């Protein structure tokens, strides 16, 4: 036999059903008002939780275990938001540090792996060759922008490692070459007598720095149209 409200003759179960339907509509309205078209945030989550507690079904109240689980979810959400704030702060500090570091590199001389260099031939220039294994002889051929061989530097036998060479800015005739961009090609021969090209590292001057907008590595722009290199590619930073 159904329980009946003696005043209005309305079944109590019908009242409960109406109450639950109203609560469901309230929860949906709260979610829409709190979030709009955005993802559910901590404030909206808390509003939904409070609305749920205020509109419990008396015949089936909120289970303690489910309530604790919801609180745990809210705590996790708060922790994630705090972590996001911390990461954003670290990212901002990193960008500031990069900008400070970049300003100190402009105008500095660096050494990086490349085969071209802008050379002031009025003074000597020092470069290096990466020798992969002990060889009988290493030579460095220096050519101008037109592809003409200006000077060949014979380095002799070299052991594995980095081998330095010096160009005094003069050509093979002993005359001072014109200042400008030169290409350096280091070669040696293997056991079969075949020519092997070796990597060279040459000096360059930093004219400006490009900072990444996405948090990537900064680029150092070099003088004389030598292009750009990543900070991690620099071997030495001079004065």
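Quick notes
- Pairs are defined by a Cβ separation below 9 Å, a sequence spacing of at least 6 or placement on different chains, a first member in segment 178-192 that is at positive phi, and a second member that is surrounded by 15 or more Cβ atoms within 10 Å (Cβ to Cβ) and in a strand (DSSP E or B); the pairs so defined are 180/118; 180/119.
- Selection count where residues are touching a strand residue (DSSP E or B) at 6+ places or on another chain (Cβ under 6 Å) and exposed (fewer than 13 other Cβ atoms within 10 Å of the Cβ), scope segment 162-178: 5
- Flag if residue 89 is under 30 Å from residue 210 (Cα atoms) and either at pLDDT 70 or above or exposed (fewer than 11 other Cβ atoms within 10 Å of the Cβ) (or both): yes
- When each of 105, 77 is tested for being modelled with pLDDT of 75 or more and either surrounded by 12 or more Cβ atoms within 10 Å (Cβ to Cβ) or under 34 Å from the mean Cα position of the chain (by Cα) (or both), the lone residue that passes is 105.
- Selection status of residue 174, modelled with pLDDT of 90 or more, at positive phi and outside any strand (DSSP E or B): yes
- Top-ranked residue of segment 203-223 - restricted to ones that are surrounded by fewer than 17 Cβ atoms within 10 Å (Cβ to Cβ) and over 15 Å from residue 106 (Cβ atoms), ranked as modelled with the lowest pLDDT: 215
- In segment 126-152, of all residues being under 18 Å from residue 173 (Cα atoms) and in contact (Cβ under 8 Å) with a residue 40 or more places away in the chain, the one that is surrounded by the most Cβ atoms within 10 Å (Cβ to Cβ) corresponds to 142.
- Exactly one residue among 129, 153, 138 is at pLDDT 90 or above, within 30 Å of residue 101 (Cα to Cα) and not in a loop (DSSP other than H, G, I, E, B), and that residue is 129.
- In segment 193-211, of all residues being in contact (Cβ under 8 Å) with a residue 24 or more places away in the chain and in a loop (DSSP other than H, G, I, E, B), the one that is nearest to residue 164 (Cα to Cα) corresponds to 199.
The values are calculated or read from the model by the stated rules, or taken from the named source; none is laboratory data. As the structure is a computational prediction, the values presented were derived from the model and not from experiment. Cβ sites come from the backbone with ideal geometry, for glycine too, and all protein chains shown count toward neighbours.
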